[in-house]
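Q: One structure, pasted below without further comment.
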Amino acid sequence: MSLKVDRDSMAFTFKGGMLPMTVMELTSADPERIREQLAGKLSQSPAFFQHTPVVLNVEKLDEPHLALERICAVCRAHKLLPVAVRGGPDPVKQSAWALGLGWFPPQDASRPRPLESVAGDGDADSADSAESVELSEPSVEAVAPDALPGTTAGGRIYRGTVRSGQQVTAPEGDLVVVGAVNAGAEVLAAGSVHVYGALRGRALAGIHGDALAGIFCRELHAELLSVAGNYKRLEDIDPRLLGTTVQVRLIDDQLGITSLA
Amino acid sequence: MAKIIVVTSGKGGVGKTTSAAAIATGLALRGKKTVVIDFDVGLRNLDLIMGCERRVVYDLVNVIQGEAGLNQALIRDKRVDNLHILPASQTRDKDALTLEGVEKVLDTLNKDFDFIICDSPAGIERGAQLAMYFADAAIVVTNPEVSSVRDSDRILGLLASKTRRAERGEDPIQEHLLITRYNPSRVDLGDMLNLEDIREILAIDLLGLIPESEAVLRASNQGVPVTHDDDSDAGQAYADTVARLLGEEVPLRFHEYQKKSLLSRMFGGVRR
């Protein structure tokens, strides 16, 4: 009964939101090396360092303890604002909380990888893919018995037209829309986005950074296509592809749109 | 039990009030007890289109705030027996409407009428949401242009989420598309969106198609709903629309450009 609520009496409302976030993927735990590299970047593009919030991703580091406080201090000194840490063992999580930072679970374990990684088309990723398939299988089994009708493991099936102003999100898996996505509407998924109809609105796949996610649609008129933060606007799309059945995937950090017809 | 129908669009100036007046008149002419309510508090227009502006004493806001009884505010139409008008206030704004107040008015009208037509204000804010909140069916008025289609799409999203039926998980609101100001020759030239494109984007059933017509402007300025002008194409198109609303199967007309338009219009007149 949103209309009945007296807005004046409420101090706040909780809203789900998707904000673009810079992830700083650490490959070294040495604050000095981080400082050197940051100093170099700062001189190249000072505009970027305007108290930009960043998430420190420590998944690639294999260290039980981190000098998290010093790393944060280095970041702040270069006008980066660490707001959370992603990944790392329990001590890292504890020290992140002690520093007043949030903690996110590591990317790979939190959700099954999209099907495409199973196929592993023989490129350099295939070793990685095999690993992530193993990770994903237990969680698929765990979710399936409780899944509501019309949901896939961690994903979502939406039947009907997604209308202007509406936003449909699958925060953990693939999103399947059986219908059209109209102009002014937005569909988002941690995995891939599949639209069995015309895609006229915005479609964002891999919203947590999954570069293997894709967008598939029956009729392309999208206002915006994005995979793992790499986007193309309607203006940037080859007009010959408009109105056709396509898949969109990330190839060498570039969005590639190819016809499926 | 009355059926509550909201006439809405999102975009302004597409013909909501004209359509609400014409459809309410058409329903009353078919013998249905009908009341049409102006929800556009502050920008009252319905009374002008219905030609009863000189008989307004009390209005919807007076009734909601307990300053007048419903029967004092209802205006009986001079031309059709079964038709009543509940005007909006011109001196207040939309904050004067409350959800409880609107519910009470509709509950009272429910007992005495077959149809309650709610003429929604433009926009998607409070006034428009109150007009649609209790509806059983919605007539979404759309012009054949992209901005109007997009706004209608937005309204359809709200109808599916911000109404009593949606919040209670009841059967969803029946959604009907009414295309107004359709000019087949300009559609053929590519100046206007065509019927099929609009239907494809909005994906709801087509209730009626009203051709762009001089009769509509004339009717508005004379304060006589265009349904009374049964020689005009727009008047006939609204009569068709009302028939479909009552569940009759009526073939679509006025959607194709015809060179022999005078002749076919004459035959159209004879057939009626």
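The values are calculated or read from the model by the stated rules, or taken from the named source; none is laboratory data. Just so it is clear, the model here is predicted, and its values are computed rather than measured. Cβ sites come from the backbone with ideal geometry, for glycine too, and all protein chains shown count toward neighbours. The area values use the complete protein model at the heavy-atom level, side chains included, leaving out ligands, DNA and RNA. Shrake-Rupley method; radii C 1.70, N 1.55, O 1.52, S 1.80 Å.
Q: Considering only residues that are within 11 Å of another protein chain (Cβ to nearest Cβ) and surrounded by 19 or more Cβ atoms within 10 Å (Cβ to Cβ), look in the range B:97-123 and name the one that is nearest to B:VAL35 (Cα to Cα).
A: B:VAL102
Q: Residues in the range A:162-182 that are within 13 Å of another protein chain (Cβ to nearest Cβ), open to solvent by less than 30 Å² (accessible area, probe 1.4 Å) and part of a loop (DSSP other than H, G, I, E, B): how many?
A: Of the residues in the range A:162-182, 5 are within 13 Å of another protein chain (Cβ to nearest Cβ), open to solvent by less than 30 Å² (accessible area, probe 1.4 Å) and part of a loop (DSSP other than H, G, I, E, B).
Q: Do we have A:ALA190 as buried (at least 21 other Cβ atoms within 10 Å of the Cβ) and more than 12 Å from chain B (Cβ to nearest Cβ) here?
A: Answer is yes for this residue.
Q: A follow-up question, please. Quick one: B:LYS11 ticks every box in (1) open to solvent by 10 Å² or more (accessible area, probe 1.4 Å); (2) more than 20 Å from B:THR142 (Cα to Cα) except a single one, so which number is it?
A: (2)
Q: Same structure, new question: Would you be able to say whether some residue in the range A:232-241 is touching a residue at least 24 places away in the same chain (Cβ under 8 Å) and on the phi < 0 side of the Ramachandran plot?
A: The answer is yes; a qualifying residue exists.
Q: Moving on to the next point. Scan the range B:176-192 and report the pairs whose first residue is over 22 Å from B:SER19 (Cβ atoms) and open to solvent by less than 20 Å² (accessible area, probe 1.4 Å) and whose second residue is of a type in the set (Phe, Trp, Tyr) and in a helix (DSSP H, G or I), with Cβ atoms within less than 6 Å and a gap of 6+ or a chain change.
A: As it stands, the answer is none, since no pair meets every condition given.
Q: Just give me the residues in the range B:141-155 being within 11 Å of another protein chain (Cβ to nearest Cβ) and open to solvent by less than 10 Å² (accessible area, probe 1.4 Å), in sequence order.
A: Scanning the range B:141-155 gives B:VAL149, B:SER152, B:ASP153, B:ILE155.
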